[in-house]
Amino acid sequence: MAAAAAEARVFLEVRRRLHSALLILGDPNEGGLPMDVCVTPTSLQLKSPGGCTELWLPAGVRLVPSSCRGLQHVAGDGLHLRLQARAEFCPNLISVFNQSSQAQGCCTFYCQSCGEIIIRNRKLLRVLSLPHENWGALVDEWCCHPNPFANKPLHPQENDCFTGDCFFLVNLRHDLQQPRPEVAPVETRCLSSENHLKMKPKANTKVICKRCKVMLGETVSSETTKFYMTEIIIQPSERNFPIIPRSQFVQSVIAQCLVELSSARSTFRFTLQGQDGKVYILLWLLNSDSLVIEALESSTSIKKFPLLEDLLKADSSSSWNAVKVLYQPCIKSRNAELASSWESDISVHCLTLPSATCLELLLILSRSNATLPPSLRCMNSFQLQGLPTAPGHPNCVDGIFQAIEPQNRGFFFLSR
């Protein structure tokens with residue numbers, strides 16, 4: 001087939017479960033040079049008077065050329081067509097640890113932002129998942145006797161690690177490398193009937209990194225600390241600290257949290273709130289079986305930020321696994337009514353992260369929109385966003401912390 005093209009851009013989304021693919025070619029303009037497109041099971045070829053561009057598909061991905069259908073031209077975007085495709089499924093997702101009572105090797109906890117050691121050589125004998133936050137209410141409903149766990153918080157012992165939706169609970173009683181809490185500001189309160197103002201320090205539970213001052217978590221009790229998964233890297237003590245771009249790391253962790261929670265609890269809507277309780281983002285998971293393949297020529301229209309330089313690489317050809325979500329920003333009172341309705345909906349699950357991390361994710365979402373084909377940036381009143389995956393790193397398998405082998409996972413976003 002032939003088409004007019006102003007630049008050679010290829011965007012391919014393969015749906016593993018549906019065995020289908022959406023292919024978008026180039027950014028045709030009227031009067032452009034003619035271009036021949038050849039689709040083979042393992043590659044795509046774009047031929048024009050200026051030369052030939054060939055894109056080889058990743059191993060395990062095969063197209064069915066004879067199934068091409070729905071060919072159409074979208075102004076300012078390019079040629080769209082759908083066809084059948086086959087792609088191997090990713091390996092089974094591996095959780096933070098192997099979720100058993102078997103003894104683990106010694107682990108070291110690092111600050112992901114700067115590599116500062118937070119906990120050194122911690123031997124974890126038990127790694128246990130925390131129950132759902134409403135588990136106490138379920139006990140009251142199903143048990144014929146009084147709840148034996150009422151008002152008894154679950155705190156880990158010295159060699160325990162409890163894992164929540166997006167955090168770890170560890171016991172720091174005997175740790176010399178405990179991170180330093182922030183100095184709490186002092187607030188003024190009226191404490192007597194004589195109208196005298198007394199100064200009383202306001203409790204501050206933040207735990208910050210000694211080196212870079214990033215918030216890592218919060219103190220839960222005098223011995224228990226909660227570390228957020230987006231801020232901490234856990235490595236076997238014999239390994240060195242892995243240098244991972246911050247934006248890719250955040251993507252991987254959030255993507256895996258969404259996938260695991262949707263599978264375990266059959267929930268697909270999430271609110272992302274800061275530790276201050278303020279909602280920053282609404283997320284609606286659509287699917288998690290996409291493989292995105294893209295070849296993009298150099299673009300000077302996108303300004304790079306240090307946070308996103310690993311995302312917006314020019315002259316690149318890449319592929320990554322992706323989850324597809326709808327999202328709504330809720331900063332500066334945007335979508336306040338919708339956010340309020342979601343918060344009161346029991347089918348919506350809440351994820352809590354440091355406020356700075358919520359803003360990082362929001363920036364990643366908004367900036368990534370410019371890298372997608374224009375026609376994919378909107379669906380009805382929603383905008384589509386795609387983020388590249390994090391490269392494999394020693395304690396991320398499809399975005400969740402662990403200490404085995406790396407895989408890749410990224411985002412494929414829709415935004416209003």
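The values are calculated or read from the model by the stated rules, or taken from the named source; none is laboratory data. What you see is a predicted model; the values in this text were computed from it and never measured. For neighbour counting, all protein chains shown are included, and Cβ atoms are generated from backbone atoms with ideal geometry for every residue, glycine included. SASA here: full protein model, heavy atoms, side chains in, ligands and nucleic acids out. Shrake-Rupley method; radii C 1.70, N 1.55, O 1.52, S 1.80 Å.
Mind giving me the nanometre distance, one decimal, between the label points for THR205 and ASN240, set 7 Å out from Cα along Cα→Cβ?
Those two pseudo-labels are separated by 3.8 nm.
Treat each spin label as a single point 7 Å out from the Cα along the C-beta direction, and report the TRP142 to SER366 distance in nm.
Calculated label separation equals 4.4 nm.
Leaving ligands, DNA and RNA out of it, rank HIS155, HIS73 by accessible area with a 1.4 Å probe, largest first.
HIS73, HIS155
Near ARG269, within a Cβ-to-Cβ distance under 12 Å, what is the net charge of the other residues, with Lys and Arg +1 and Asp and Glu -1?
The answer is -1.
So, by mean Cβ neighbours within 10 angstrom, what's the order for 236-242, 79-85, 352-358, 145-151 with the highest one leading?
352-358, 79-85, 236-242, 145-151
Note the full-extension length gain between ASP345 and LYS278 as 0.36 nm times their separation in residues minus their Cα-Cα distance, in nm to one decimal.
Going from the current span to full extension adds 22.5 nm.
Longer than 20 Å from Cα to Cα, which of LYS206/LYS278; LYS152/LYS210; LYS278/LYS324; LYS206/LYS226; LYS152/LYS226 are they? Say none if no pair is.
Over 20 Å Cα-Cα: LYS152/LYS210; LYS278/LYS324.
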